[in-house]
Amino acid sequence: VIPVENVRLLDRSSGQRKASVGTLYLSATHTIFVENNPETRKETWVLHSMVSSVDRPPSTPSGSQLVLRCKDFRVYQILVPQERDCVDVHASLVRLSRPEKYSELYCLSFNPSVNKEEREASWSFIDLMADYKRMGVPNNLWVSTTVNNEYRVCDTYPSELFVPKSASTGVIVGSSRFRSRGRFPALSYFHQDTLAAVCRCSQPLSGFSGRCQEDELMLQAVMKSNPGSDYIYVVDTRPKLNAMANRAAGKGYENEDHYTNIKLQFIGIENIHVMRSSQQKIIDVGEMRAPSMSDFLWGLENSGWLKHIKAVLDAGVFIARAVADEGVSVLVHCSDGWDRTAQACSVASILLDPFYRTLRGFMVLIERDWVSFGHKFSHRYAHLDGDPKEVSPVIDQFLECVWQLSEQFPCAFEFNERFLITLHTYIYSCQYGSFMGNCQKERRDLRLRERSHSVWPQLWKDRSDYTNPLYQAEQSQSQGVLKPNTSPFYFKMWKGLYNHVEKSVPPRQSPADYLSAVREESQQLEEELTNHQEVAPGGTAHQHQHHQPGSRQGIQHNTPPPPPPPPTNLEIPPV
């Protein structure tokens, strides 16, 4: 631990106007700032894996500056009195925030107070095979295949997969050889009512005129697995011009002359590089202090961010409509099938199935369409010091689509905004092993089940913090398929994620938090009433006096304080 005294810290993202004076410590995992004020001794902990960049602006007469920008969009400004100390702190922070090997990640040293058996059990909390069984799979249309045991056919796919019953091993292997990265068509979601399915894969290696009989047979098998339709949609989530450009590299998209049973649909979600640039612009908008309306609106428009969110949501809406309304199966791909494909398939599942709108169901969905199907978490979210061009906010956009849906359908989701923001933090923080690595095989080779902890039991344990008080299970079930309006009027900036500056100036309690507090107090009053009835002579209820809303004891005069913001670092170890 390296202590540096008389450091000034300004948390730009908290609305703090005046810097605090204290001592700065650098541990192996955290930057810790302890205020000198003997009354508060407030501590600020920043996990090194949450640091996105460490900049050194020009020095001031008061000392040398450091600016820490974090992956949860918080910004800390540090003023170090001595130039030499600032140079040392900067060098240490850069090194600590950019690990080069998985063995340096926080999840391998994070040690919550659970025993070995509890840690091992945490990895069984989510059972994907149970979810497929809930869908009615396997059945006489879709079966489990052993073709990818030991990741023999596709090393970025899970070992357990479901494929059309009519697809032979030869067809599956042949199709994989004709698909980028070997990612052949496999089942993502099965709709029991219409028997239509959502499948996923990567782009074909067709070039300008190439074809593959096994791949054509594979798509026919997907179609035959839905008795109610004589064709399938192939949803290419890329802009058509991008897909056409890939033909020059021997890749591209399906030729409808060769695949007679398909209808090709381009969606137009931009690539990871466009999204990375767009998010940086929306981050800049979120950091504006008291912007004019014109500056704010110009920044929002210039970022293009909401346009991209709309494109992802439109993809999910198209797939859900095809499956639920038309009864037509859909095969989804982008380039490699692990970014835009994951977005489109998981948004469609949210729309199609109320189970994924529950807390546990959402965990299952993330585990299935993102973790097991090989979304490149460590590359996309800069867990290691690697190629910056591989970094992109792919899952950020999915989480935002879910938040936008929850704004349109406030009673349809069991979880709240805080859950989405906390999950976003865990994805970037490297605190748990759940999101480490880039595919299932890599996680197995790293022995993460033996060396780290799963995040899901922790989130489930804290579920009372993440419950939406407006959720109505019956209404969500009766709604069945969600049909959002994707008109531009319905999209808004996600202030809770991107705008920390205004979040606590002044501190306000959200309506959802207020309702949770009201519900909790109502439950307490009901319990008190029950207890009084049990102990009262004859069990009569008239001896208990109700608190009326607006009375001195009523909830209007006893509003609980706003709950704290979602934690950046849970289970902080001692320094």
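Every number in this text was worked out from the coordinates using simple rules, so none of it is lab data. Owing to the predicted nature of the structure, the values given are computational and were not obtained by experimental measurement. Cβ atoms come from the backbone with ideal geometry, glycine included; neighbour counts cover every protein chain shown.
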* Asked: Which three extents, in whole angstrom, do the alpha-carbon atoms of segment 428-494 cover along their principal axes, largest first?
  -> 45, 29, 24
* Asked: Spin-label point model (7 Å from Cα, Cβ direction): what's the E39 to R451 distance in nm?
  -> 4.8
* Tell me which lysines have Cα within less than 26 Å of K376's Cα, excluding those fewer than 8 residues away on the same chain? -> K71, K101, K240, K251, K281, K307, K310, K389, K441
* Asked: Which order results if E214, E150 are arranged by neighbouring Cβ count within 10 Å, fewest first?
  -> E150, E214
* Asked: If you stretched the chain out fully between R134 and R56, how much longer would it get, using 0.36 nm times the residue separation minus the C-alpha to C-alpha distance?
  -> 22.7 nm
* Asked: Where the only charges are on Cβ atoms (+1 Lys, Arg; -1 Asp, Glu), what is the dipole of segment 2-98 about its Cα centre, to the nearest 20 debye?
  -> 300
* Structure fact -> Quick calc, the chain, dipole around Cα centre from Cβ unit charges on Lys, Arg (+) and Asp, Glu (-), nearest 20 debye, gives 1120
* At 0.890 mPa s and 25 °C, Stokes D of segment 321-467 from Kirkwood alpha-carbon radius, µm² per second -> 153
* At 7 Å along the Cα-to-beta-carbon direction for both Q408 and A19, put a label point, then send me their distance in nm to one decimal. => 4.7
* Loop trypsin sites (Lys or Arg not before Pro), segment 187-254 (other Cβ atoms within 10 Å of the site Cβ: 16 or fewer; DSSP) -> R211
* What aspartates and glutamates could a cross-link reach from K116, if we take a straight Cα to Cα line under 15 Å and drop same-chain neighbours fewer than 8 places away? -> E450
* Could you compute the FRET efficiency for A249 and Q280, with r as their C-beta to C-beta distance and R0 at 30 Å, rounded to 0.05? => 0.60
* **With Cα atoms, 0 to 90° folded angle of helix 305-321 axis to the chain main axis** => 50
* Report the dimensions of segment 2-98 along its three principal axes from the alpha-carbon atoms, largest first, rounded to Å. => 35, 28, 24
* Asked: Applying the Karplus parametrisation 6.51 cos²θ - 1.76 cosθ + 1.60 with θ = phi - 60° to the phi angles of segment 74-79, what ³J(HN,Hα) value in whole Hz is obtained for each residue in order, glycine and proline being reported as x?
  -> 7, 10, 10, 10, 10, 10
* Asked: Helix 394-408 versus the longest principal axis of the chain: what is the Cα-based angle in degrees, 0 to 90, to the nearest 10?
  -> 80
* Segment Q479-E534, extension gain: residue separation times 0.36 nm, minus the distance between their alpha carbons -> 15.8 nm
* Calculate I(q)/I(0) for the chain by the Debye formula, one identical point scatterer on each C-alpha and no solvent, and give its log10 at q = 0.05, 0.07, 0.10 Å⁻¹ to two decimals. => -0.24, -0.47, -0.92
* Asked: What lysines could a cross-link reach from K224, if we take a straight Cα to Cα line under 19 Å and drop same-chain neighbours fewer than 8 places away?
  -> K165, K263
* To do: May I ask you to sort K495, K18 by Cβ crowding, counting other Cβ atoms within 10 Å and putting the fewest first?
  => K18, K495
* Structure fact -> What helix-only [θ] at 222 nm does the chain give? Using -39500 (n - 2.57) per DSSP H run of at least 4, over all residues, to the nearest 500, the answer is -10500 deg cm²/dmol
* Structure fact -> Final fewest-first order of Y259, Y498 on the 10 Å Cβ neighbour count is Y498, Y259
* Asked: Helix 272-286 versus the longest principal axis of the chain: what is the Cα-based angle in degrees, 0 to 90, to the nearest 10?
  -> 20
